[in-house]
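Inspection log for the structure reproduced underneath, given as structure tokens.
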Amino acid sequence: MIPGDVNGIGMTSQRTRTRMVERLREKGIRNEAVLAAIAAVPRHVFVEEALASRAYEDTALPLGMGQTISQPFVVARMIELLLNGRKTLGKTLEVGAGCGYQAAVLAQLTTEVYAVERLAPLLEKAKANMRKLRQFNVRLVHADGRLGLPEAGPFDSIIVAAAALRVPPPLLEQLAPGGRLVLPVGAGEQYLSFIERTPQALVETRLDPVRFVPLLAGTQ
């Protein structure tokens, strides 16, 4: 449960957040659990104060260090792919925690979220934001997301918030039986890749064109 003291007023109010959710529904997001999770998380908490009035626009916003907080529609679309037909996301790994916004949305849909971030200053921001929201089922880790988090795997759901040139093999290895992975792939032209581990094989489906910052190696 998100505490009431972060709900905001005016352009950051619950009513403004509700309007954003209605726009997502109009754009094709159908999973009501995903829409409810988006509605529950006050996005303005995760952006710079100067950008708070734009927090509920359906657009990516800068976080500094060359990173962005993802567009709400893309967050909803990726999570919907992971959740559809399931009651819960199960044990979830997020690669590219950034400021923590997407992890907070994921945490509304499962009891166990691991979120890795390679940039230590952003990770500290994410930790501070989680404390504000009293979101205690998210474990934030400073790590190279291309390697996943093998000590915590396997995962039922993996979501990647940066574009890889190709699907990182460690993420496939950490996908549980029946698990799902969604990530942007490509350099110039990027697309969403949705991968399921079926009893027979890994099955990949190429979906929407997208634009994400690149998935980089190492930690800082």
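Residue count for the range 162-173 satisfying the condition of being outside any helix (DSSP H, G or I), touching a helix residue (DSSP H, G or I) at 6+ places or on another chain (Cβ under 9 Å) and modelled with pLDDT of 95 or more: 2.
In this entry, Ala120 is excluded by the filter for residues that are buried (at least 24 other Cβ atoms within 10 Å of the Cβ) and touching a residue at least 24 places away in the same chain (Cβ under 8 Å).
Please work out if Arg146 is surrounded by 13 or more Cβ atoms within 10 Å (Cβ to Cβ) and free of Cβ contacts under 8 Å to residues at least 40 places away in the same chain. In short, no. Just one of the numbered conditions (1) within 26 Å of Gly66 (Cβ to Cβ); (2) crowded, with 21+ Cβ neighbours inside 10 Å; (3) acidic (Asp, Glu) is not true of Glu189: (2). Pairing each residue of the range 157-169 that is closer than 15 Å to Glu196 by Cα with any residue that is of a type in the set (Asp, Glu) and not in a helix (DSSP H, G or I), provided the two are 6+ apart or on different chains, yields C-beta distances under 7 Å for Ile159/Glu94.
For the range 47-60, does any single residue satisfy the condition of being of a type outside the set (A, V, I, L, M), in contact with a Lys or Arg (Cβ under 7 Å, 6 or more places away or on another chain) and either under 25 Å from Thr205 (Cβ atoms) or free of Cβ contacts under 8 Å to residues at least 24 places away in the same chain (or both)? Yes - at least one qualifying residue is present in the range 47-60. Restricting Met65, Met78 to residues that are at positive phi and in contact with a Leu (Cβ under 8 Å, 6 or more places away or on another chain) narrows the list to Met65. For the range 174-198, the candidate set comprises residues that are under 19 Å from Arg211 (Cα atoms) and among the polar types (S, T, N, Q); within that set, the residue that is farthest from the chain's Cα centre (by Cα) is Gln190. Restricting attention to the range 193-210, the residues that are touching a helix residue (DSSP H, G or I) at 6+ places or on another chain (Cβ under 8 Å), closer than 15 Å to Ala163 by Cβ and surrounded by fewer than 16 Cβ atoms within 10 Å (Cβ to Cβ) total 2. In the range 123-134, the residue that is surrounded by the most Cβ atoms within 10 Å (Cβ to Cβ) out of those that are touching a residue at least 40 places away in the same chain (Cβ under 8 Å) and not charged (D, E, K, R) is Asn129. Among helices (runs of 4 or more DSSP H) entirely within the range 18-117, having at least 3 residues that are among the β-branched types (Val, Ile, Thr) singles out 72-83. Each residue in the range 120-145 was checked for being assigned to a loop (DSSP other than H, G, I, E, B) and in contact with a strand residue (DSSP E or B) (Cβ under 7 Å, 6 or more places away or on another chain), and 2 of them qualify. Can you work out which of the residues in the range 84-132 that are of a type in the set (Gly, Ala, Ser) and touching an Asp or Glu at 6+ places or on another chain (Cβ under 9 Å) is farthest from Pro42 (Cα to Cα)? Across the range 84-132, the extreme among qualifying residues is Gly90.
Here the range 100-119 is the region considered, the condition is being of a type in the set (S, T, N, Q) and touching a strand residue (DSSP E or B) at 6+ places or on another chain (Cβ under 9 Å), and the residue that is farthest from Gly64 (Cα to Cα) is Thr110.
The values are calculated or read from the model by the stated rules, or taken from the named source; none is laboratory data. Predicted, not measured: the structure shown is a model, and the values here were computed from it. Quick reminder, even Gly has a Cβ in these numbers, built from the backbone with ideal geometry, and neighbours come from all protein chains shown.
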